[in-house]
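Report on one structure; see the data block that follows.
The values are calculated or read from the model by the stated rules, or taken from the named source; none is laboratory data. Owing to the predicted nature of the structure, the values given are computational and were not obtained by experimental measurement. All Cβ positions, glycine included, derive from the backbone under ideal geometry; neighbour counts span all protein chains shown. These area figures cover heavy atoms from the full protein model, side chains too; ligands, DNA and RNA do not enter into them. Shrake-Rupley method; radii C 1.70, N 1.55, O 1.52, S 1.80 Å.
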Amino acid sequence: MKFGGIVIVGVGGTGVLKASEMLSRFLLNQGFDVRQSEVHGMAQRGGSVITQLKYGEKVYSPLLGKGEAQYMIATEEVEALRYSEFLSFDATIIINSWRLNPVGTKPEPYTGLSARLYREKGILVYEVNADSIAKSLQNSRVANSVLIGAFSKIFNSDNENIWEDVIRETFPKKFFDINMKAFFKGRELVTI
Amino acid sequence: MKEQKNNSCLMLGNEAIARGAYEGGVQVGSGYPGTPSSEILEYLSQFKEVHSRWCPNEKVALEVAAGVAIAGGRALATMKHVGLNVAADPLMTISYTGVRGGLVIVVADDPGMHSSQNEQDSRNYAKFAKIPFFEPADGEEARIFTKEGFIISEKFDTPIMIRSTTRVSHSRSVVFPQERIHFSPFPYQKDAEKYVMIPAFARKRRVALEKRLEVLRDWVDESDLNRIEMRDPHFGIITGGVLYNHVREVFPQASILKIGIGYPLPFEMISDFVRKVKNVVVVEELDPFWETEIKAAGIPVEGRNRIPGIGEITPDILKVAFGVPQPVPSIDDLNQYVFPRPPVLCAGCPHRGVFRILSELKITVTGDIGCYTLGVMPPTSSIDSCICMGASISNAEGFKLTHPELTVGAVIGDSTFIHSGIGPLLDAVYNQTNIIVFILDNRVTAMTGGQNHPGTGITLMGEKTSKLDIEELVKALGVKEVHHLSSFDISHFRSLLKEVVKKNSGPTVFILSEPCQLIRKKGNKNFYQVDPNLCRLCKKCLQLGCPAIRLDGERAQIIAEYCRACGVCSQICQFNAIKEEYQS
Ligand code: SF4
Ligand code: SF4
């Protein structure tokens, strides 16, 4: 493997940046060189957002090319489809089972469309009900930690202490506990 | 510079620049927020040994920094590319005077215009001002180059520019932080012939400036900030900045001359490289800046004939440019199921209702730089021009001078007004231009993430300070008619504005105040709901474009979870169908 690639996609304001920060810290901790690219400013006002993450023995460019991501984490199902060109055919996707329709149109519950389309292509898809879990924890902002929890299981990372450090470094102190809870809920959810 | 590498950590490029400045013993950091540069000073302000400040605009920021450097301290000024246009005036002359303490100016370009109104190539400014610029490729280089910048600045008596781009500033990579070096300011020394640029003295400095460039030209050929990596003798690339990383990845075998000092160029090193390696291509983003310089020195290279000059250069674009097959198959036929998701004003944004009224009363609106530029988008579609910081007011004057029959208004945010809207408003008063100015006062610099400014009463270091009273300022400029009201009180706004339009005797100023959602404390859990028995399906509220208002069949519906209870929609509804739900 030249390098591993992960894209984290979603809607501005759903914790995409924090999720990729967590992943980057984790991968660095695993002894990888890491580069991660994100977009700030205009794109964050509820628009479509993507961050790209690369890890390996030595990584140069912070940008992924077409077909170079083995993992995608999507905080919303339509956004999962928007960035399909980055995925390799053996990719694994974690989708938050949540849908956000365009402003002004009728809200719809999660349709599972992206999961179905990806599965038709032979891609391994995990649908994670991160949004409801976050709401059950009384904080809709921790859905990203639920997704990262799911990822930790899929990525076969058994060292829970490392994740504890990662969460401590990423969030302000007062949000540590709730993000830890969210992380473990996500972790329990996935069976592989 | 040789450093011991131990504790590695992950840093955003902008954080690494701040770290480098801190380590380099900087005393003062100044700037104005602008994507992708904003986080530099935010990170720097976490070091209590450094005085960091937001200034009203980039010109002020650079002048403060220049003052520090002339007086003998070390200073950092930060801005985005278009901010350097504002600061260009002091830049051109601080190049003449030189510095005593180190002066580093960080400029962050935005190829691809992720969050900017143009994609100018700021490298041209370094040549224009005859000062050196360094171009880091990643976080670790950003740290080292910034730190080194202070030393080189002092050594050659010149300001140093660090040119970053979005992909350097907003990428995280591994950085090896070091301790802060101890530096105390040089003792103050008056030197009028060097620092007072009257023509007689400036003429002497003009000559000194050319001499300095000569000395720098010799130095760059020896500096280890530029380097040659010899690999394939038949394929060479001259590149710098983030593109170095793309090149390393796409062409692992290529020989590379990596430019760290982008001006003046190390021509001896380049000739040497071109002699040793056949087929040398200059890989650079935006203008063919290096290619032109290199060709002018009589060295044959390729460049723009292969690499596009518009937008961002990605590894994939490089592959296409050089005919490298893309080996990994990808899935690219799924985005047909996707709808566009452009950025929108937040639910409860104080700008929304204002735009609704402006479009309802058919005002011709000139716009400015900020979240409120989104007012150009449907459904309000209410902005007709947007050029640069502060231009809304002066553009409106021009509109009115050309078409007196139009009712012309300018929208400008509080931070933008302070940045460069005061002069234009004074112009409208002085020349009695009949326009209406809407100051959208949301008490923060919102677009860039919510920074403080002179109107918020809090400094970058988090200290309480004097708070600008915009209303008093506007009156002091001589505006006779000033209306100050809540941005959410749009019924009142509508009737006032109708009167103002009828009176037709501007300049008139409206100050519409209400905090941005980033900082607004709601204090309750109330939200608004549509009463299905009263709703007559007119869909007028949908024309607000609030993310919380949705269409359910034919009926409007408010998603309680997203509603920020600003109450604007309830004033738009003519049938009183939208009401506040009180929650305990
Ligand atoms: S960040 Fe503030 S100013 Fe910008 S859209 Fe949201 S509420 Fe409006
Ligand atoms: S009160 Fe109306 S306009 Fe304001 S946030 Fe709620 S739904 Fe949107």
What number goes with the only condition from (1) at pLDDT 95 or above; (2) acidic (D, E); (3) over 30 Å from the mean Cα position of the chain (by Cα) that B:E291 does not pass?
-> (3)
Just one of (1) within 16 Å of ligand 1 (Cβ to nearest atom); (2) within 25 Å of A:Y118 (Cβ to Cβ); (3) not in a loop (DSSP other than H, G, I, E, B) trips up B:R341, so point out which.
-> (3)
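Each row is one residue, and each column tells you yes or no for (1) outside any loop (DSSP other than H, G, I, E, B); (2) open to solvent by 10 Å² or more (accessible area, probe 1.4 Å); (3) modelled with pLDDT of 95 or more; (4) more than 16 Å from ligand 2 (Cβ to nearest atom).
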| position | (1), (2), (3), (4) |
| --- | --- |
| B:R443 | no, yes, no, yes |
| B:G462 | no, yes, yes, yes |
| B:L468 | no, yes, yes, yes |
| B:G478 | no, yes, yes, yes |
| B:H483 | yes, yes, yes, yes |
Among the listed residues B:L512, B:L551, which satisfies the condition of being away from ligand 2 (no atom under 11 Å from the Cβ), under 28 Å from A:G47 (Cα atoms), in contact with a Ser or Thr (Cβ under 8 Å, 6 or more places away or on another chain) and within 14 Å of chain A (Cβ to nearest Cβ)?
-> B:L551
Members of segment B:523-536 that are within 15 Å of ligand 2 (Cβ to nearest atom), within 28 Å of B:L497 (Cα to Cα) and part of a loop (DSSP other than H, G, I, E, B) = B:C535
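Identify all residues within segment B:350-389 that are assigned to a loop (DSSP other than H, G, I, E, B) and at pLDDT below 95; write none if there are none. Let's see the steps before the verdict.
Quick first cut of segment B:350-389, residues assigned to a loop (DSSP other than H, G, I, E, B) only: B:350, B:361-363, B:367-370, B:377-384, B:386-389.
Residues satisfying the conditions are B:G370, B:M377, B:P378, B:P379, B:T380, B:S381, B:S382.
Scan A:F89, A:F151 and give me the residue that is buried (at least 20 other Cβ atoms within 10 Å of the Cβ), at negative phi and among the aromatic types (F, W, Y).
Only one candidate qualifies: A:F151.
Of the residues A:E68, A:E57, which single one is facing chain B (nearest Cβ under 7 Å), open to solvent by 10 Å² or more (accessible area, probe 1.4 Å) and either among the charged types (D, E, K, R) or more than 20 Å from A:I167 (Cα to Cα) (or both)?
Values: A:E57 fails: facing chain B (nearest Cβ under 7 Å).
When all the criteria are applied, what remains is A:E68.
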Just one of the numbered conditions (1) farther than 12 Å from B:A347 by Cα; (2) open to solvent by 30 Å² or more (accessible area, probe 1.4 Å); (3) more than 16 Å from ligand 1 (Cβ to nearest atom) is not true of B:P507; which one?
-> (2)
The one condition A:R116 fails out of (1) assigned to a helix (DSSP H, G or I); (2) crowded, with 21+ Cβ neighbours inside 10 Å is (2)
What residue, among those in segment B:521-535 that are loosely packed, with under 15 Cβ neighbours inside 10 Å and of a type outside the set (G, A, S), is farthest from ligand 1 (Cβ to nearest atom)?
-> B:N533
Residues (buried (at least 22 other Cβ atoms within 10 Å of the Cβ) and over 17 Å from B:S415 (Cα atoms)) located in segment B:381-396 = B:S382, B:I383, B:N395, B:A396
When you go through (1) hydrophobic (A, V, I, L, M, F, W, C); (2) assigned to a loop (DSSP other than H, G, I, E, B); (3) more than 16 Å from ligand 2 (Cβ to nearest atom) one by one for B:I412, which number turns out not to apply?
-> (2)
In the set B:R217, B:R227, B:R180, B:R203, which member is within 30 Å of B:L318 (Cα to Cα) and either modelled with pLDDT under 95 or open to solvent by 60 Å² or more (accessible area, probe 1.4 Å) (or both)?
-> B:R227
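Scanning for something open to solvent by 40 Å² or more (accessible area, probe 1.4 Å) and either under 20 Å from B:V509 (Cβ atoms) or outside the structural domain of B:Y562 (by TED's automatic domain parsing) (or both), does segment B:347-359 turn up at least one residue?
The first filter runs over segment B:347-359 and keeps only residues open to solvent by 40 Å² or more (accessible area, probe 1.4 Å), leaving none.
No.
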Report, ordered by the first and then the second residue, all pairs with beta carbons closer than 7 Å, sequence separation of six or more or different chains, a first member in segment B:125-151 that is at positive phi, and a second member that is open to solvent by less than 10 Å² (accessible area, probe 1.4 Å).
-> B:K130/B:S95; B:K130/B:L209; B:K130/B:L213
How many of the residues in segment B:476-501 are over 30 Å from the mean Cα position of the chain (by Cα) and aromatic (F, W, Y)?
-> 1
Can you name the number of the only condition in (1) within 10 Å of another protein chain (Cβ to nearest Cβ); (2) within 15 Å of the chain's Cα centre (by Cα); (3) hydroxyl-bearing (S, T, Y) that A:T105 fails?
-> (2)
Give just the number: which of (1) open to solvent by 40 Å² or more (accessible area, probe 1.4 Å); (2) at pLDDT below 95; (3) away from ligand 2 (no atom under 16 Å from the Cβ) does B:P343 not satisfy?
-> (1)
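Out of everything in segment B:485-504 that is assigned to a loop (DSSP other than H, G, I, E, B) and away from ligand 1 (no atom under 16 Å from the Cβ), what residue ends up being farthest from B:G450 (Cα to Cα)? Show your work before the answer.
Pass one, segment B:485-504, residues assigned to a loop (DSSP other than H, G, I, E, B): B:487-489, B:504.
If we keep only those that are away from ligand 1 (no atom under 16 Å from the Cβ) too, we end up with B:489, B:504.
Numbers: B:D489: 23, B:N504: 36 Å.
Filtering segment B:485-504 for residues that are assigned to a loop (DSSP other than H, G, I, E, B) and away from ligand 1 (no atom under 16 Å from the Cβ), the one farthest from B:G450 (Cα to Cα) comes out as B:N504.
The rows are residues; the columns are (1) touching an Asp or Glu at 6+ places or on another chain (Cβ under 6 Å); (2) more than 16 Å from ligand 1 (Cβ to nearest atom); (3) hydroxyl-bearing (S, T, Y).
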{"site": "B:C349", "(1), (2), (3)": "no, no, no"}
{"site": "B:V354", "(1), (2), (3)": "no, no, no"}
{"site": "B:I363", "(1), (2), (3)": "no, yes, no"}
{"site": "B:D368", "(1), (2), (3)": "no, no, no"}
{"site": "B:I387", "(1), (2), (3)": "no, yes, no"}
{"site": "B:V411", "(1), (2), (3)": "no, no, no"}
{"site": "B:T416", "(1), (2), (3)": "yes, no, yes"}
{"site": "B:D427", "(1), (2), (3)": "no, yes, no"}
Residues that are more than 14 Å from chain A (Cβ to nearest Cβ) and surrounded by fewer than 18 Cβ atoms within 10 Å (Cβ to Cβ): which helices (runs of 4 or more DSSP H) entirely in segment B:242-334 hold 2 or more of them?
-> B:267-276, B:289-296
Is it true that A:L100 is open to solvent by less than 10 Å² (accessible area, probe 1.4 Å) and either at the interface with another protein chain (Cβ under 10 Å from one of its Cβ atoms) or in contact (Cβ under 8 Å) with a residue 60 or more places away in the chain (or both)?
-> no
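Could you tell me how many of the residues in segment B:10-46 are within 14 Å of chain A (Cβ to nearest Cβ) and either closer than 23 Å to B:E463 by Cβ or buried (at least 24 other Cβ atoms within 10 Å of the Cβ) (or both)? Break it down stepwise before answering.
Step one: of segment B:10-46, the residues within 14 Å of chain A (Cβ to nearest Cβ) are B:10-16, B:33-40, B:42-43, B:46.
So of that shortlist, the ones also either closer than 23 Å to B:E463 by Cβ or buried (at least 24 other Cβ atoms within 10 Å of the Cβ) (or both) come out as B:11-16, B:33-40, B:42-43, B:46.
Going through segment B:10-46 one residue at a time, the tally reaches 17.
From A:I95, A:I192, grab the single residue that is within 22 Å of A:A69 (Cα to Cα), in a loop (DSSP other than H, G, I, E, B) and in contact (Cβ under 8 Å) with a residue 24 or more places away in the chain. Before you say what the answer is, go through the steps one by one.
Values: A:I95 fails: in a loop (DSSP other than H, G, I, E, B).
Answer to the check: A:I192.
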Exception for B:D531 within (1) assigned by TED's automatic domain parsing to the domain that holds B:A565; (2) under 30 Å from the mean Cα position of the chain (by Cα) falls at (2)
Would you call A:I6 open to solvent by 20 Å² or more (accessible area, probe 1.4 Å) and assigned to a strand (DSSP E or B)?
-> no
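Residues to consider are B:T165, B:T93, B:T78; find the one that is closer than 19 Å to B:W54 by Cα, among the hydroxyl-bearing types (S, T, Y) and at pLDDT 95 or above.
Details: B:T165 fails: closer than 19 Å to B:W54 by Cα; B:T93 fails: closer than 19 Å to B:W54 by Cα.
Every option except B:T78 fails the conditions.
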